[in-house]
Amino acid sequence: MANPNNPLLELKQLGQVVWLDSIRRGQIKSGELKNLIETDGLTGETANPSIFEKAIVGSSDYDEAIRQMADAKTPLEIYETLAIQDVQMAADVFRPIYDQTQGADGFVSLEISPKLAHDTKGSIAEAERFFKALNRPNVFIKIPGTKEGAPAIEECLYRGININITLLFALQAYEDVAWAYIRALERRAAEGKPIERVASVASFFVSRIDTLADKLIEVELRSTTDVARRAKLNALEGKIGIANAQLAYQAFKRIFSDPRFVALQAKGARVQRPLWASTSTKDPRWSDILYVEALIGPQTINTLPLETINDYRDHGHPRLTIEQNVAGARQIFQNLAELGLDFDAITQQVLDEGVEKFDQALDQLLQSIETKRVAHTVARVTR
């Protein structure tokens, strides 16, 4: 039974919902996922190639399913089958929330191959294939917010495919995909197509910004003895990712109060909510709930790994924070520029690294599936 004093439940009263940044078959089948929904008020779930790699390689949950497909399918086909099955099962667990909120929440996400991050046509084709295979209204297909991803995102939304835009770091990239959502809905509305159940969220990554920026700051600190410069550099550590998210939230408010969207809203359109991702703390110097406490605001989502959910349940203090000291957030970027640190280069690097990380995770996962597949085949032949 839910504890009314649970900080996670209090977030909902402030307009923010929490999603689980993890997926695992055993968690779904055992009832653990359903229990998290009932206890902590979770309203959705996200996954990516790294999460599936940990789930499939790090447990025996999938061994029997892999054995059954060992002879007939390639490692990629096996992975896609397992991932689609998991997302379908999780979506069914969240379906009551989707129905109760009339399509506003209760979504589970499946990501296209990271190898398609710079392939517009390939992204559209795979998103369409996955969405059709999942055959659930409460699923998102994740497409990265790369230059090539933006037109794919617009086209998929126009076709009625729910899209979670992932790997957003730069404000301009965020604004591009927000307007892509609006253009897609405008195109549908102009053709008399329904828009009230076309859903999208924009996943804005936070802690990865600080991981890279803080490394660059440490390099600068080692290379200067100037007291004033060192003080400015020290003041930026652990603050850039949150400031960036705060400015993204300001852009969200501006774009979704624009007359173009207001006209769509009158026809049933919903806002494309910002989803704060990469919100577990990577640096032991900072609070383990830093990226939860600092990003609380209306019409937002925070997707959290189970460890951070447990931490916030234990010692979270919910209050509206996303618009606290926006002027200070702007000053952080002014200071960054004055110090000669190129934030555009930082966001491009973390985007490139994010795509590469997911690509490597998928390759490792496919290799592990191949190893298990061969082992099952050999065992069957030698029996």
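The values are calculated or read from the model by the stated rules, or taken from the named source; none is laboratory data. Please read these numbers as outputs of a predicted model, since none were measured by experiment. Positions of Cβ are backbone-derived with ideal geometry, glycine not excepted, and every protein chain shown enters the neighbour counts.
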Mind listing whichever residues of the range 241-288 are in contact with a helix residue (DSSP H, G or I) (Cβ under 8 Å, 6 or more places away or on another chain), part of a loop (DSSP other than H, G, I, E, B) and not charged (D, E, K, R)?
Phe256, Ala269, Val271, Gln272, Ser278, Thr279, Ser280, Thr281, Ser287
Restricting to the range 52-72, name every residue that is free of Cβ contacts under 8 Å to residues at least 60 places away in the same chain, surrounded by 20 or more Cβ atoms within 10 Å (Cβ to Cβ) and under 23 Å from the mean Cα position of the chain (by Cα).
Ala55
Unique residue being modelled with pLDDT under 95 and either hydrophobic (A, V, I, L, M, F, W, C) or surrounded by fewer than 20 Cβ atoms within 10 Å (Cβ to Cβ) (or both) when the list is Arg230, Arg285, Arg260
Arg285
Residue satisfying condition, being modelled with pLDDT under 95 and surrounded by fewer than 23 Cβ atoms within 10 Å (Cβ to Cβ), within set Pro96, Pro137, Pro151, Pro75
Pro75
Filtering the range 276-307 for residues that are touching a residue at least 60 places away in the same chain (Cβ under 8 Å) and of a type outside the set (A, V, I, L, M) leaves a count of 15
Given the conditions (1) within 17 Å of Asn302 (Cα to Cα); (2) surrounded by fewer than 21 Cβ atoms within 10 Å (Cβ to Cβ), report the number of the one that Arg25 does not fulfil.
(1)
Free of Cβ contacts under 8 Å to residues at least 60 places away in the same chain and of a type in the set (Lys, Arg), is that true of Arg254?
yes
Tell me, which helices (runs of 4 or more DSSP H) wholly within the range 141-231 include 1 or more residues that are among the small types (Gly, Ala, Ser), at negative phi and in contact (Cβ under 8 Å) with a residue 40 or more places away in the chain?
171-190, 207-222
Only one of Ala72, Ala104, Ala91 is in a helix (DSSP H, G or I) and of a type outside the set (Asp, Glu), namely Ala91
Among the residues of the range 314-322, are any exposed (fewer than 14 other Cβ atoms within 10 Å of the Cβ) and either closer than 27 Å to Arg230 by Cβ or touching a strand residue (DSSP E or B) at 6+ places or on another chain (Cβ under 6 Å) (or both)?
no
